[in-house]
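What follows draws every value from the coordinates through simple rules; no lab data is involved. Source: prediction; values computed, not measured. So basically every Cβ, Gly included, is an ideal-geometry build from the backbone, and we count neighbours across all protein chains shown.
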Amino acid sequence: MRRALFGLLGLSLLLVSNAEGQKNCRKGIPCGNSCIAANRVCRSGTPTTRPTTSPAPARSDSTVNAPTNNMVWVASSRGHTYYRRGCSTARRLSPANVIYFRTEEEAQRAGYSRSRSRGC
């Protein structure tokens, strides 16, 4: 009887400690049993606080999913960086997520920043 009582008490303490045992992340957000950057998405559980970043960049009418010869800039719909079409890094983008821009200004207006990779 006493052993069962201590077992239940221990189990209840474990449940309470897991609920309150989230990391107290000072510069990021809690994710599972660790902290991640505030601009990342937690994939191992539900974070207790949401990052305070702006929503995903909106696509303009000039952003097209089908390439033409005058579309020299590409980006991933899931990223924040745009690349010169044909660049080695741009070729690694998933074809399902690639979006095209006619000018650098269009990409910047859509919320993307230029790649820092050499030659891109």
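Of note:
- Label-reachable residues, the stretch 104-120, where backbone N falls under 16 Å from a point 7 Å from residue 70's Cα toward its Cβ: 104-107
- Rounded to whole Hz, the Karplus (6.51, -1.76, 1.60) HN-Hα couplings of the stretch 99-108, x for glycine and proline: 10, 10, 10, 7, 10, 5, 4, 4, 5, 5
- Here the dipole of the stretch 75-120 is about 220 debye; that uses its Cα centre as origin and unit charges on the Cβ of Lys and Arg (positive) and Asp and Glu (negative).
- For residue 114, nonlocal amide neighbours, meaning residues 5 or more places apart or on other chains whose placed amide H falls under 5 Å from its own, are 82.
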